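Here the structure comes first, spelled out in structure tokens, and everything after it is commentary.
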Amino acid sequence: MFKQMMQGMVAVMLLGAAQVVLAGGMQGMGNMDMGTQALAAEGQMHQGHGMVNKVNAQSGKINITHEPIESMGWPRMTMDFNVQDKAELANIKPGMKVDFELMTKGKGYRITKIAPQK
């Protein structure tokens, strides 16, 4: 009986984890191997489009659920980004759809331009 109860608990936990993944899409970079793509694109500009989730203008950080960025080999996912110019976040609010330019630098990424979608 204990074995059946444990199997049931494991099944419930796996089902719950699957629902979180399906409901949230791909949340973050996880273990995705972006190394070779990013290194090849050092200093290159990439275009992104997405939905703003959080904005911290004071620290110059933004969380965006972006569409695939083919030039970087990235699927749709949710990520935190630093922005080059904090002032560009003054008119950006959660829930807005935005277009942005992204530049790679080493193993990091920085938004160099961001604006609400027209």
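Each reported figure results from applying straightforward, stated rules to the coordinates on display, with no laboratory input. It should be emphasised that the depicted structure is a prediction, and the values quoted were computed from it without experimental measurement.
What the table shows:
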{"quantity": "Rounded if a/c under 1.5, otherwise prolate or oblate - region 41-118, Cα gyration tensor axes", "calculated": "oblate"}
{"quantity": "Lysine pair count for region 33-116 [Cα-Cα under 19 Å; pairs on different chains or 8 or more apart]", "calculated": "16"}
{"quantity": "Nonlocal amide H pairs with Lys113, under 5 Å, H built at 1.01 Å", "calculated": "Glu101"}
